[in-house]
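Here the structure comes first, spelled out in structure tokens, and everything after it is commentary.
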Amino acid sequence: MAVNVLGLVAIGVFYVIILIIGIVAGRKSTKSNDAEELFVANRSFGLFVASFTTAATMVGGGYINGTAEAMGRDGMVWAIGPIGYNIGMAIAGIVIAPKVRSMEFSTIFDPFQQKYGNRMGGLLFFPELLGDLFWEAAILGALGTTLSIVLGLDMTMSVIVSACVAVVYTFFGGLYAVAYTDVIQLFFMGIGLVLAIPFAAKNPAVDLSRVENTWTGQLDPQFIGLYIDTICMLIMGGMPWQALYQRVLACKSPTLARNACLLAAVISLLLAIPPAAVGVIGSATDWNATDFKGNVPLDYKQWTHIFPMVLQYLCPMSVSIIGIGAVSAAVMSSADSCVLATGSVFANNIYKNIFRPKATQREIVWVLRGTIIVVGSAGAAIALTVGSVYGLFILCADLMYVIQFPQLVCVLWLKCANTYGSLTGFIVGLFLRVAGGEPFLSIDSLIKYPMHHEEYGQLFPFKTLAMLCSLFSIIGVSYVTERLFTHGTLSKKFDIFRCYTEKEEEQKTGDAEMEKKEPLMTNTDPDFFENGRFELRTRNQGKSINSF
């Protein structure tokens, strides 16, 4: 297939514009070399920027191409990715976002390390890492197939160049660059996606009557367990992401963080309608009446490419190029979020908290930038080796649901949660999930749950079972170990994670320091009353230690 020079030039111009905007927007954080600014943009986001960058993060290439793929091949009943993810984001906005923003963390892994210790918090980073890599691979793969089909470009080169552009401006600008390019990219997405629909629908090869009885799809009773499992995974597996909370933590206030999540969920759900319509149009097309040279009816792999196929064969070239711009914008807006989220956690919670507690701000910034390059390269490599975009789009929420979601719930709301419970929940959830197998990654089932099918695999909602087992393991083990150690049933010398030993040592140290202090002033001292408040002060430090 010949390369479309006009389209190539147009996409090149788009990439240059985004690159310039990203670098210019990130100049403030680049000059300051302050890691906190790169992580959370000095907590300066208002409602407009916060909601748009959050929505743009959700709407990636996997979101667009994957929705079109599922809608066209399986019908609306199975195009549940956007619905599940956005419900999860809305719930997270109401319940979790105000809580974590009010605590002013740098990343969502800060509470894990504060409660469970740095090493356990570091272990919980790996589900996030795998989720981000699969997510990035899904969106880069979507763009690669789109550019190769519509413009005739080599897919490998398309993926590499796109990844490089996203990595470069994220490298220099951090969250400032990511957020402000996201706003521009979201407008590109909206225009490009909506514009393609009327042109494709009016193509002579399209007859919507072909799908008037099938576009909704159907749910076979034997797949109900699998369906419930997938819905729950999308809703709850979409809630623990660092990319989401990076924007939440950058908001000016907890209330604004909540409102931004809710508005972003509405925006991204609306942006799922155009690709869903493209999927229906693709299903209603007589592909023999177009210039398409592949197999008809379309096989499974061809449905993965249905969005770029509609752009290429059913739309005028000018509209196709604008549509490619929409996909490119979606890819950039999510790819930069993936690499920045992973880089932020690694630099702050792994490198600084575990390996280099005395690391300078400049050092942390360069670790962040190095991680951005590594993660961007790894995601591109996965994108070039894996098939279904929608498969990756779903799979990226898998471990986040089974492992990360119960961990997040417990660390924020379970007072007795400790390292023993967290580690047990991690092991139990991981084992039950891996033992269930994963056909997409060619992992065979070690445990055949009820309703197991030789052809379709696990039809029982085993991922939900694994998540619940992980949750109850955290609760049960945390409660039991707390009772054993705090009531003296088990000697604290067996507290290998020092969950209670350190607390006891800190209490003793604090008591010893208090005993060394001189007697407190009495109410006859003229400094006792200050600014209308009663304060007890130490003579040697002159600092308030208690207020009434």
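Hey, can you tell me all the residues within region 404-421 that are closer than 25 Å to residue 231 by Cα and touching a Phe, Trp or Tyr at 6+ places or on another chain (Cβ under 6 Å)?
Within region 404-421, 411 is the sole residue that qualifies.
If you go through region 240-250 one residue at a time, do you hit one that is buried (at least 24 other Cβ atoms within 10 Å of the Cβ), within 19 Å of residue 85 (Cβ to Cβ) and of a type in the set (D, E, K, R)?
Yes, the conditions are met somewhere in region 240-250.
Can we say residue 70 is in contact with a Ser or Thr (Cβ under 9 Å, 6 or more places away or on another chain), modelled with pLDDT of 90 or more and small (Gly, Ala, Ser)?
In short, no.
Residues 53, 146, 67, 57: which one is touching a strand residue (DSSP E or B) at 6+ places or on another chain (Cβ under 8 Å), of a type outside the set (Gly, Ala, Ser), touching a residue at least 12 places away in the same chain (Cβ under 8 Å) and more than 30 Å from residue 499 (Cα to Cα)?
Details: 146 fails: touching a strand residue (DSSP E or B) at 6+ places or on another chain (Cβ under 8 Å); 67 fails: touching a strand residue (DSSP E or B) at 6+ places or on another chain (Cβ under 8 Å); 57 fails: touching a strand residue (DSSP E or B) at 6+ places or on another chain (Cβ under 8 Å).
So the residue among 53, 146, 67, 57 that is touching a strand residue (DSSP E or B) at 6+ places or on another chain (Cβ under 8 Å), of a type outside the set (Gly, Ala, Ser), touching a residue at least 12 places away in the same chain (Cβ under 8 Å) and more than 30 Å from residue 499 (Cα to Cα) is 53.
Pick out, from region 17-65, the helices (runs of 4 or more DSSP H) lying fully within it that include 2 or more residues that are modelled with pLDDT under 80. Lay out the reasoning, then the answer.
Numbers: elements: 27-32, 35-40, 47-58.
Passing ranges, in order: 27-32, 35-40.
What number goes with the only condition from (1) over 19 Å from residue 313 (Cβ atoms); (2) touching a residue at least 24 places away in the same chain (Cβ under 8 Å); (3) assigned to a loop (DSSP other than H, G, I, E, B); (4) of a type outside the set (Lys, Arg) that residue 203 does not pass?
Among (1) over 19 Å from residue 313 (Cβ atoms); (2) touching a residue at least 24 places away in the same chain (Cβ under 8 Å); (3) assigned to a loop (DSSP other than H, G, I, E, B); (4) of a type outside the set (Lys, Arg), the lone unmet condition for residue 203 is (1).
Determine whether residue 145 is under 21 Å from the mean Cα position of the chain (by Cα), surrounded by 18 or more Cβ atoms within 10 Å (Cβ to Cβ) and not hydrophobic (A, V, I, L, M, F, W, C).
Numbers: under 21 Å from the mean Cα position of the chain (by Cα): no; surrounded by 18 or more Cβ atoms within 10 Å (Cβ to Cβ): yes; not hydrophobic (A, V, I, L, M, F, W, C): yes.
No.
Condition check ((1) outside the structural domain of residue 70 (by TED's automatic domain parsing); (2) farther than 24 Å from residue 9 by Cα; (3) more than 21 Å from the chain's Cα centre (by Cα)) across all residues:
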| position | (1), (2), (3) |
| --- | --- |
| 295 | no, yes, yes |
| 300 | no, yes, yes |
| 307 | no, no, yes |
| 316 | no, no, yes |
| 328 | no, no, no |
| 345 | no, yes, no |
| 359 | no, yes, yes |
| 374 | no, yes, no |
| 377 | no, yes, no |
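Starting from residues that are aromatic (Phe, Trp, Tyr) and in contact with a helix residue (DSSP H, G or I) (Cβ under 6 Å, 6 or more places away or on another chain), keep the ones in region 180-203 and report whichever is farthest from residue 260 (Cα to Cα).
Filtering region 180-203 for residues that are aromatic (Phe, Trp, Tyr) and in contact with a helix residue (DSSP H, G or I) (Cβ under 6 Å, 6 or more places away or on another chain), the one farthest from residue 260 (Cα to Cα) comes out as 199.
Limited to region 270-293, what total is found for residues that are more than 17 Å from residue 61 (Cα to Cα) and either among the hydrophobic types (A, V, I, L, M, F, W, C) or not assigned by TED's automatic domain parsing to the domain that holds residue 85 (or both)?
From region 270-293, those more than 17 Å from residue 61 (Cα to Cα) are 280-293; that's our starting set.
Then drop every residue that is not either among the hydrophobic types (A, V, I, L, M, F, W, C) or not assigned by TED's automatic domain parsing to the domain that holds residue 85 (or both), which leaves 280-281, 284, 287, 289, 292.
Summing the residues that are more than 17 Å from residue 61 (Cα to Cα) and either among the hydrophobic types (A, V, I, L, M, F, W, C) or not assigned by TED's automatic domain parsing to the domain that holds residue 85 (or both) in region 270-293 gives 6.
Run down 353, 418, 349 and say which single residue is in the same structural domain as residue 438 (by TED's automatic domain parsing) and out of contact with any Lys or Arg (no Cβ under 7 Å at 6 or more places or on another chain).
418
When you scan region 206-236, how many residues do you find that are part of a helix (DSSP H, G or I) and under 30 Å from the mean Cα position of the chain (by Cα)?
Looking only at that region, the number is 14.
Looking at region 167-174, can you tell me whether even one residue there is in the same structural domain as residue 68 (by TED's automatic domain parsing) and closer than 30 Å to residue 292 by Cβ?
Within region 167-174, none of the residues are in the same structural domain as residue 68 (by TED's automatic domain parsing) and closer than 30 Å to residue 292 by Cβ.
In region 73-123, which residues are part of a loop (DSSP other than H, G, I, E, B) and crowded, with 24+ Cβ neighbours inside 10 Å?
Passing the criteria: 79, 107, 108, 109.
The values are calculated or read from the model by the stated rules, or taken from the named source; none is laboratory data. Only a predicted model underlies this, so the values are computations on that prediction, with no experimental measurement involved. Counting neighbours? That spans all protein chains shown, and the Cβs are built from the backbone with ideal geometry, glycine included.
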